[in-house]
Amino acid sequence: MDYLLTSSIDLAEILFTLFWIFFAFLVLYLHRESKREGYPLQADRFGRPASIEGFPGVPKPKTYHLRDGSTVSLPRAEPAESVAAVATAGFPGAPLEPTGNPMLDGVGLAAWCDRADHPDMTMRGLPQIAPLRIADDYHVESRDVDPRGMNVVAADNYVVGKIRDLWVDRIEPQIRYMEISLDDRIGGGNVLLPYYFCRINAGRGEVKVSSLMSDQFSAVPKTKHPDQVTLLEEDKICAYYAGGKLYAEPSRTEPIL
């Protein structure tokens, strides 16, 4: 009798089935955990606001203890954000037309996230990104081009200032930003330029920024501390330069034929 019960059982098949059951639950669990931020989605369907969770639904709130001693609970209730743009048509998913300055309003390419307004920190408690005048244990390799002192040239070929300093990432040793000292005719002061939004021409001794016009540098989001940049400030600065790729001048928003 025992032989008859066990002769039709395939242990490998049982284990294989159990594995797929476990894997299915793992996928559902990870997909649910991914909805701790950004959900429920807000959509305007046929003129009526709608809240979208999908399957599986949003998980119950969980409290996270951060390294600095603070806590954050996710998911959490967040107010709906208003966008400085209007739909160009009445159907869902219609393109949006900016109503103000999209480079500052966070529209399209210039969109930014409402991140924490404090610097990212290293394990030693130092700001992760800092200028070389502060992070003096870093330097530009002698065989590399040092852009400090070079002219900064905008997309309209006007010189807007000079590179004052370089801001280095202490965790991933590389240059993140260049600090521009703006000419007085541009408005003066210092602004940050993301390193990958420019092209260095060592032969001509200039740094070319093709995403902005000369009169737009004065509106680059500033940092509240001269030697630090917060996560929120980073998002706004990078979004401003990215937005210039599309919004710096009207012809950039037109189709390319």
Residue count, segment 171-194 (criterion: modelled with pLDDT of 95 or more and either among the basic types (Lys, Arg) or in contact with a His (Cβ under 9 Å, 6 or more places away or on another chain) (or both)): 1
Members of segment 73-93 that are surrounded by 12 or more Cβ atoms within 10 Å (Cβ to Cβ) and in a loop (DSSP other than H, G, I, E, B): 75, 83, 84, 92
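Criterion first (at pLDDT 95 or above, over 30 Å from residue 121 (Cα atoms) and either of a type in the set (Asp, Glu) or more than 16 Å from the chain's Cα centre (by Cα) (or both)) does residue 209 satisfy it? Break it down into steps so the answer makes sense when it comes.
Values: at pLDDT 95 or above: yes; over 30 Å from residue 121 (Cα atoms): no; either of a type in the set (Asp, Glu) or more than 16 Å from the chain's Cα centre (by Cα) (or both): yes.
Answer is no for this residue.
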Residue list for segment 107-141, filter: modelled with pLDDT of 90 or more, part of a loop (DSSP other than H, G, I, E, B) and of a type in the set (Gly, Ala, Ser): 111, 135
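Take the residues in segment 1-52 that are closer than 30 Å to residue 91 by Cβ and among the aromatic types (Phe, Trp, Tyr), then tell me which one is modelled with the highest pLDDT.
Start the filter on segment 1-52 by keeping residues that are closer than 30 Å to residue 91 by Cβ, which leaves 31, 34-35, 37-52.
Narrowing the set further to residues that are among the aromatic types (Phe, Trp, Tyr) leaves 39, 46.
Working: 39: 83, 46: 56.
Selected residue: 39.
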Segment 172-196, residues that are among the hydrophobic types (A, V, I, L, M, F, W, C) and touching a Cys at 6+ places or on another chain (Cβ under 8 Å): 178
Selection from segment 206-257 of residues that are assigned to a loop (DSSP other than H, G, I, E, B), in contact with a helix residue (DSSP H, G or I) (Cβ under 6 Å, 6 or more places away or on another chain) and among the hydrophobic types (A, V, I, L, M, F, W, C): 212, 220
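The values are calculated or read from the model by the stated rules, or taken from the named source; none is laboratory data. Everything numeric here is computed off the predicted structure, so don't read it as measured data. When we count neighbours, we look across all protein chains shown, and the Cβ atoms used for this are built from the backbone with ideal geometry, even at glycine.
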